[in-house]
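Read the figures in this text as sums done on the coordinates, not as results from a lab. Predicted, not measured: the structure shown is a model, and the values here were computed from it. Note that each Cβ is placed from the backbone with ideal geometry, even for glycine, and that neighbours are counted across all protein chains shown.
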There are 2 protein chains.
Amino acid sequence: MSKTSPRVYVDTVLSLDATINLDGSQAHYLRDVMRLREGDAVRLFNGRDGEWQTRISATTRRAVDLEPVERTRPQTPEPGPRLIFAPVKKTGTSLIVEKATELGAARLSPMFTTYTDKSRLKIERLQSIAVEAAEQCGRLTIPTIDDPCSLTDLLAGLQAETMTAPSSAGPIFLADETGAGAPALDAMQGITETSQTAPAFVIGPQGGFSKSELAAFRQLSNVVAVDLGPRILRAETAAVSVLTCWQASRGDWRELNP
Amino acid sequence: MSKTSPRVYVDTVLSLDATINLDGSQAHYLRDVMRLREGDAVRLFNGRDGEWQTRISATTRRAVDLEPVERTRPQTPEPGPRLIFAPVKKTGTSLIVEKATELGAARLSPMFTTYTDKSRLKIERLQSIAVEAAEQCGRLTIPTIDDPCSLTDLLAGLQAETMTAPSSAGPIFLADETGAGAPALDAMQGITETSQTAPAFVIGPQGGFSKSELAAFRQLSNVVAVDLGPRILRAETAAVSVLTCWQASRGDWRELNP
């Protein structure tokens with residue numbers, strides 16, 4: 001039952017003595033889409049208190065009340081990688097956010113480069129995509145989505161991190177379309193685990209990085225250029241591929257059957 | 001110039017003395033979308049004769065004529081894996097076809113399982129998605145898309161292949177959501193290369209395989225159940241992930257820098 005009951009993210013405290021009151025789109029989803037009624041089970045998580053099985057205690061025209069029954073999963077750290085990406089047209093950016101959430105990214109950083117599509121980025125929309133993906137894939141946390149910044153500001157931030165704590169700065173894997181990178185999996189498997197910091201992955205815009213942008217990345221001491229094979233991947237495919245390579249070789253895909 | 005010129009798939013012979021006449025949507029694309037004129041460069045491929053640089057020799061209201069200039073890439077074998085998948089709702093199936101093409105799959109086999117969405121599958125639409133993805137990613141071939149078949153027929157076909165030529169049957173990696181599979185990358189890296197046959201990957205429907213379906217797959221001697229980490233991946237994400245794991249660890253992502 002608890003396996004197949006709907007899973008919903010809330011931002012209120014979850015504990016045995018808390019009644020959770022959902023309204024708006026969440027109440028609509030449980031009552032009108034899933035057609036749940038009093039006594040039905042719903043799983044809740046808030047990114048802090050683990051996952052809870054709850055039961056619907058009341059439904060009204062505008063709200064659904066839930067009573068926690070028991071905590072079914074404790075909150076555990078989810079130290080996923082950071083994905084730095086250039087927004088892409090049409091559904092590409094939504095796909096990147098959805099898939100990166102499924103693949104366990106902890107932080108998503110949109111950046112504007114020379115060849116990036118400059119249409120306005122709706123961060124709130126991306127946040128709701130991340131919430132929905134987290135609900136669906138079983139995560140206990142929602143990835144942080146940074147406000148978009150220019151490549152210049154991004155590089156300054158990365159450089160500052162490296163300068164202030166060179167030993168704790170994690171590797172930055174740069175998807176390099178020029179053919180100069182090492183095969184992605186070899187590069188990731190070859191990294192010595194010296195830092196506690198999760199790695200970052202950088203995916204360029206559909207038009208590629210400019211030469212000076214690539215050169216600026218390469219000046220960072222912890223950047224590793226990686227190659228993603230002989231075909232030209234779309235940005236969202238490249239994002240899924242680098243995160244898969246990491247999770248499969250060094251990340252949490254290996255922790256299940258230790 | 002030839003790097004950034006549009007790349008178009010045709011199904012006519014490509015040779016120095018052939019004039020290629022495009023009409024319909026391809027002529028519209030070159031003339032009205034890309035705004036190309038007489039003398040402009042276009043790259044053509046047909047899955048047999050390599051890639052050719054051509055120049056537009058004439059445009060009319062209904063057609064575009066192209067004269068081959070030189071062959072820029074010879075036809076080389078592209079022996080990619082086979083992806084067996086259950087169609088998914090909305091844009092999921094289109095994404096699977098597009099991404100599998102980018103990741104080098106040679107054959108795509110849609111199958112209907114107990115929990116598969118049964119909406120009509122438009123194979124022609126999927127074929128045009130595969131063509132577009134092949135044009136964009138630089139492949140020299142278009143993947144074959146099989147007519148959809150039932151899981152029963154699919155299993156009978158796989159079994160027949162294994163029975164008639166057990167030594168040449170490639171591995172079949174089954175994405176197993178029950179947690180019983182080996183970590184995907186370990187399983188792929190652990191396969192001994194005894195057969196010349198490319199591997200197959202099986203991705204179940206959004207609702208998962210039924211127990212008896214999983215059991216039927218496991219009866220095939222060359223099936224390897226693989227695990228794709230602690231989160232529940234959507235079908236299209238799982239498809240990208242298994243193909244990435246293969247290409248990165250055993251496939252053509254490693255052949256560039258031998």
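How far apart, in nm, are the 7 Å Cα→Cβ label points at B:Q127 and A:T178?
Using points 7 Å along Cα→Cβ, the separation is 4.1 nm.
Using a Gaussian network model of chain B whose springs link C-alpha atoms within less than 10 Å, name the residue from B:P171, B:P230, B:P68 with the highest mean-square fluctuation.
Fluctuation is largest for B:P230.
In peptide B:178-190, what is the residue-averaged number of other protein chain Cβ atoms found within 10 Å of each Cβ?
Average neighbour count from other chains, rounded to a whole number: 3.
Two decimals is fine: what's Rg over Rh for the protein assembly as shown, C-alpha atoms, Kirkwood radius as Rh?
Values: Rg = 24.5 Å, Rh = 24.8 Å.
Using Cα coordinates only, the ratio equals 0.99.
Neighbouring Cβ atoms within 10 Å as the yardstick, rank A:E213, A:E236 fewest first.
A:E213, A:E236
Take the cross-link list A:K122/B:K99; A:K99/A:K211; A:K122/B:K118 and give me the ones stretching past 30 Å between alpha-carbons. Write out the running numbers ahead of the final one.
Working: A:K122/B:K99 25 Å; A:K99/A:K211 28 Å; A:K122/B:K118 34 Å.
From the list (A:K122/B:K99; A:K99/A:K211; A:K122/B:K118), the Cα-Cα distance tops 30 Å for A:K122/B:K118.
In 10 Å bins starting at zero, report the fraction of Cα pairs in region B:84-195 per bin as a rounded %.
Histogramming region B:84-195 at 10 Å steps yields 12, 35, 40, 13 percent.
Run the label-point distances for B:Q75 please: 7 Å along Cα to Cβ, every other copy, nanometres, shortest first.
6.1
Could you tell me the center-to-center distance, by alpha carbons, between region B:131-166 and region B:8-65 in angstrom?
Distance between centres, Cα-based: 29 Å.
Run through all the Cα pairs of region A:24-80 and give the fraction in each 10 Å bin from 0, expressed as whole percent.
Final binned percentages: 24, 45, 24, 6.
On a full-extension model of 0.36 nm per residue, what is the gain between B:A160 and B:S119, subtracting their alpha-carbon distance, rounded to one decimal in nm?
Between B:A160 and B:S119, full extension yields an extra 11.9 nm.
Kirkwood hydrodynamic radius, chain A, all distinct C-alpha pairs: what's the number in Å?
After inverting the mean inverse Cα-Cα distance, the result is 19.9 Å.
Take every residue in peptide A:96-103, count the Cβ atoms of other chains within 10 Å of its Cβ, and give the average of those counts.
4
Based on the Cα gyration tensor of region B:194-240, what are the three equivalent ellipsoid semi-axes, each the root of five times an eigenvalue, rounded to whole Å and given largest first?
20, 16, 9
Which residue, B:Q219, B:P79, B:P143, has the largest displacement toward the positive end of the dipole of the protein assembly as shown when charges sit on each Cβ (Lys, Arg +1; Asp, Glu -1)?
With unit charges placed on the Cβ atoms, the residue in question is B:P143.
Which of B:R139, B:R82, B:R35 moves most in a GNM of chain B, Cα contacts under 10 Å?
Its mean-square fluctuation being the largest, the pick is B:R35.
At 7 angstrom along the Cα-to-beta-carbon line, where would the label on A:A180 sit relative to the other copies? Give the distances in nm, shortest first.
Result, one decimal in nm: 5.0.
Using a Gaussian network model of chain B whose springs link C-alpha atoms within less than 10 Å, name the residue from B:A248, B:A165, B:A134 with the highest mean-square fluctuation.
Highest fluctuation of the listed residues: B:A165.
Once amide H atoms are built 1.01 Å from N in the peptide plane, which residues 5 or more positions from B:F201, or in another chain, come under 5 Å H to H?
B:R82, B:L83, B:I84, B:F173
Counting other C-beta atoms within 10 Å, which of A:R37, A:R61 has the fewest, and how do the rest follow?
Ordered from fewest to most neighbouring Cβ atoms within 10 Å, A:R37, A:R61 come out as A:R61, A:R37.
Would you tell me the mean number of C-beta atoms belonging to other protein chains that fall within 10 Å of each C-beta in A:232-244, as a whole number?
Mean shielding count: 6.
Any idea what angle helix B:235-249 forms with the longest principal axis of chain B, computed on alpha-carbon atoms, 0 to 90 degrees, nearest 10?
Once rounded, one gets 80 degrees.
Given +1 on the Cβ of Lys and Arg, -1 on the Cβ of Asp and Glu, and no further charges, what dipole in debye does the protein assembly as shown carry about its Cα centre, rounded to the nearest 20? Could you put the intermediate results ahead of the total?
Working: 56 positive and 62 negative charges, 174 e Å.
Computed charge dipole of the protein assembly as shown: roughly 840 debye.
Limiting things to C-alpha atoms, what are the Rg and the maximum Cα-Cα separation (Dmax) for region A:148-258, in angstroms?
14.1, 44
In nm, what does the list of distances from B:A160 to its counterparts in the other copies look like, shortest first, when each label sits 7 Å along Cα to Cβ?
List, nearest first: 6.6 nm.
Kindly provide the helix-only [θ] at 222 nm of chain A, computed as the sum of -39,500 (n - 2.57) over DSSP H runs of four or more divided by all residues, to the nearest 500 deg cm²/dmol? Before the final figure, lay out the partial values.
Details: 7 runs with 75 residues, N = 258.
Result for chain A, helices only: -8500 deg cm²/dmol.
Hey, fewest Cβ within 10 Å first, where do B:V33, B:V10 land in order?
Fewest-to-most ranking of B:V33, B:V10: B:V33, B:V10.
Give me the three principal axis extents of region B:46-122 from the C-alpha atoms, as integers in angstrom, largest value leading.
Principal extents (largest minus smallest coordinate, Cα): 53, 35, 15 Å.
Lys/Arg Cβ at +1, Asp/Glu Cβ at -1, dipole of chain A taken about the Cα centre: which of A:T244, A:L233, A:A58 is farthest positive-ward?
Positive-most Cα among the choices belongs to A:L233.
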